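**Student:** There's a structure below that I have some questions on.
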Amino acid sequence: MSAEQAPGDGRWAVETHGLTKRFGENIAVNGVELLVPRGCAFGYLGPNGAGKTTLIRVLLGLTHADAGTMFLLGHPVPKRRDQALARVGAIVDEPRFHSHLTGRQNLQILAAAREPAARDRIDPSLERVGILHRADDRVSKYSMGMRQRLGVAACLLGDPQLLILDEPMNGLDPAGMHEMRDMIVSLVAEGRTVVLSSHLLDEVQRTCDAVAIVDRGNIIHQGPISELLAGAALVLEVECSDPERAKRLVAGTTLGAQVVVSPQGLELTLPGGTDRGVTAEVNRILVEAGISVYRLQPVRASLEAWFLQVTSRLGDPE
Ligand SMILES: Nc1ncnc2c1ncn2[C@@H]1O[C@H](COP(=O)(O)OP(=O)(O)O)[C@@H](O)[C@H]1O
Ligand SMILES: [Mg+2]
């Protein structure tokens with residue numbers, strides 16, 4: 001790449017164009033165009049094997065890209081890697097520490113490799129992640145959740161503008177997940193950007209403001225979660241006096257609804273982008289046919305339903 005390479009757009013914490021990484025025939029990251037706005041929690045969401053860890057490793061310069069360009073905090077990488085990474089904290093895979101040393105001793109070792117100010121951030125970082133009271137215990141005595149927190153504390157030694165966390169919820173129990181989620185939210189409240197990868201749809205939906213959905217190395221969709229949900233199917237639940245006849249009536253219209261009869265009544269699934277005025281239309285059709293409508297309720301499909309709709313492999317379990 002030439003020295004004249006255009007600078008990145010400072011609006012983005014992460015910006016990639018055509019980023020590609022192959023392992024032999026296998027394209028783990030395929031022409032990825034990623035734009036992560038600053039100051040948000042951003043989820044990189046996809047099933048196992050989708051290429052999430054590989055993308056993160058490429059961003060951090062732990063492995064080379066085969067094609068494409070990328071910027072971290074506006075700095076071109078790998079050209080200005082040191083400058084970029086000075087303000088980036090990352091946890092890839094499980095954070096690794098010397099388990100026979102204490103949490104504080106581990107951070108002292110890490111701080112020694114950084115700018116002098118990092119030393120002064122040791123105690124505030126430990127406090128920040130809620131393990132200051134255990135700082136002088138050996139890491140071997142820490143739970144998985146505490147190790148994750150120590151990992152975040154290690155990131156905070158560099159006062160990062162951008163944190164990149166690979167599957168931060170992995171191995172955590174529900175309470176640990178809850179704490180991690182709160183911590184991410186508070187890091188964003190401090191003005192930092194957090195990019196996290198996950199195969200857990202629910203966690204991304206709860207934690208993140210924006211998301212990129214990735215499958216087999218390709219980004220299928222990205223944007224604010226609220227926008228993605230607007231593209232999701234609209235589901236109408238209908239309780240009425242004659243569900244079987246109602247089903248035939250609705251299926252015979254041009255609404256494009258898929259209709260299922262369940263013990264609760266009818267469930268109509270309408271295509272993404274359908275106006276909620278369709279609710280009144282369904283009501284009219286049924287009432288005009290002499291069917292009594294007891295309940296008619298629009299339910300927005302969750303990101304999960306939408307994710308299942310758009311990815312080919314349906315959230316294969318761990
Ligand atoms: N070092 C490697 N050598 C060969 N193939 C790899 C290597 N790392 C990852 N892969 C392959 O790249 C694809 C993406 O893997 P990965 O980035 O780990 O996905 P994820 O983190 O989304 O689960 C998978 O098909 C995986 O087998
Ligand atoms: Mg991974």
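The values are calculated or read from the model by the stated rules, or taken from the named source; none is laboratory data. Remember, it's a predicted structure, so these values are computed and weren't measured experimentally. Don't worry about glycine lacking a Cβ; one is built from the backbone with ideal geometry, like all the others, and counts go over all protein chains shown.
**Student:** Check Gly61, Gly130 and return the single one that is at positive phi, in the same structural domain as Thr16 (by TED's automatic domain parsing), without any contact (Cβ under 8 Å) to a residue 40 or more places away in the chain and assigned to a loop (DSSP other than H, G, I, E, B).
**Tutor:** Unique residue meeting the criteria: Gly61.
**Student:** Which residues, taken from the stretch 78-93, are assigned to a helix (DSSP H, G or I) and surrounded by 16 or more Cβ atoms within 10 Å (Cβ to Cβ)?
**Tutor:** Ala84, Leu85 - these are the residues of the stretch 78-93 that are assigned to a helix (DSSP H, G or I) and surrounded by 16 or more Cβ atoms within 10 Å (Cβ to Cβ).
**Student:** Any residue in the stretch 36-54 that's hydrophobic (A, V, I, L, M, F, W, C): show its pairings with residues that are within 12 Å of ligand 2 (Cβ to nearest atom) at Cβ separation under 6 Å, as long as the two are six or more apart or on different chains.
**Tutor:** As it stands, the answer is Leu45/Ser198; Ala50/Val214, since those pairs meet every condition given.
**Student:** Another one. Determine if the stretch 87-109 includes at least one residue that is within 16 Å of Leu163 (Cβ to Cβ), touching a Phe, Trp or Tyr at 6+ places or on another chain (Cβ under 9 Å) and within 12 Å of ligand 1 (Cβ to nearest atom).
**Tutor:** No, because not a single residue in the stretch 87-109 is within 16 Å of Leu163 (Cβ to Cβ), touching a Phe, Trp or Tyr at 6+ places or on another chain (Cβ under 9 Å) and within 12 Å of ligand 1 (Cβ to nearest atom).
**Student:** Arg104: of a type outside the set (S, T, N, Q), assigned to a helix (DSSP H, G or I), over 15 Å from the mean Cα position of the chain (by Cα) and more than 16 Å from ligand 2 (Cβ to nearest atom), yes or no?
**Tutor:** The answer is yes for Arg104.
**Student:** Just name the residue that is farthest from Leu73 (Cα to Cα) out of those in the stretch 202-212 that are within 15 Å of ligand 2 (Cβ to nearest atom) and touching a strand residue (DSSP E or B) at 6+ places or on another chain (Cβ under 7 Å).
**Tutor:** Taking the candidates together, the pick is Val204.
**Student:** Just a yes or no: is a residue in the stretch 198-207 within 15 Å of ligand 1 (Cβ to nearest atom), assigned to a strand (DSSP E or B) and at pLDDT 90 or above?
**Tutor:** yes
**Student:** Could you go through the stretch 2-22 and let me know if any residue there is within 16 Å of ligand 2 (Cβ to nearest atom) and at pLDDT 95 or above.
**Tutor:** Yes, there is a match, as at least one residue in the stretch 2-22 is within 16 Å of ligand 2 (Cβ to nearest atom) and at pLDDT 95 or above.
**Student:** While we're on this one: Among (1) over 18 Å from Ala212 (Cα atoms); (2) in contact with a Lys or Arg (Cβ under 8 Å, 6 or more places away or on another chain); (3) within 8 Å of ligand 1 (Cβ to nearest atom), where does Leu55 come up short?
**Tutor:** (1)
**Student:** Looking at the stretch 21-45 only, could you name the residues that are part of a loop (DSSP other than H, G, I, E, B) and either of a type in the set (Asp, Glu) or at positive phi (or both)?
**Tutor:** Gly24, Glu25, Gly39, listed by residue number.
**Student:** Please verify whether Thr69 is touching a strand residue (DSSP E or B) at 6+ places or on another chain (Cβ under 7 Å), more than 17 Å from Val195 (Cα to Cα), modelled with pLDDT of 95 or more and part of a strand (DSSP E or B), treating the condition exactly as stated.
**Tutor:** Considered against the rule, which asks whether it is touching a strand residue (DSSP E or B) at 6+ places or on another chain (Cβ under 7 Å), more than 17 Å from Val195 (Cα to Cα), modelled with pLDDT of 95 or more and part of a strand (DSSP E or B), Thr69 comes out as yes.
**Student:** If Ile184 satisfies every condition in (1) of a type outside the set (Phe, Trp, Tyr); (2) assigned to a helix (DSSP H, G or I); (3) in contact with a Lys or Arg (Cβ under 6 Å, 6 or more places away or on another chain) but one, which is the exception?
**Tutor:** Among (1) of a type outside the set (Phe, Trp, Tyr); (2) assigned to a helix (DSSP H, G or I); (3) in contact with a Lys or Arg (Cβ under 6 Å, 6 or more places away or on another chain), the lone unmet condition for Ile184 is (3).
**Student:** Another question about this same structure. In the stretch 217-234, how many residues are part of a strand (DSSP E or B) and surrounded by 20 or more Cβ atoms within 10 Å (Cβ to Cβ)?
**Tutor:** 3
**Student:** Also, quick follow-up: If I ask for residues that are surrounded by 13 or more Cβ atoms within 10 Å (Cβ to Cβ) and in a helix (DSSP H, G or I), which ones from the stretch 235-250 would you list?
**Tutor:** Across the stretch 235-250, the qualifying residues are Pro243, Arg245, Ala246, Lys247, Leu249, Val250.
**Student:** Still on this structure, please answer the following. One residue is enough: does the stretch 153-172 have a residue meeting the conditions in the same structural domain as Met183 (by TED's automatic domain parsing) and loosely packed, with under 15 Cβ neighbours inside 10 Å?
**Tutor:** yes
**Student:** Moving to a separate point now. Looking only at the stretch 168-181, count every residue that is of a type in the set (Asp, Glu) and not in a loop (DSSP other than H, G, I, E, B) and tell me the total.
**Tutor:** 1
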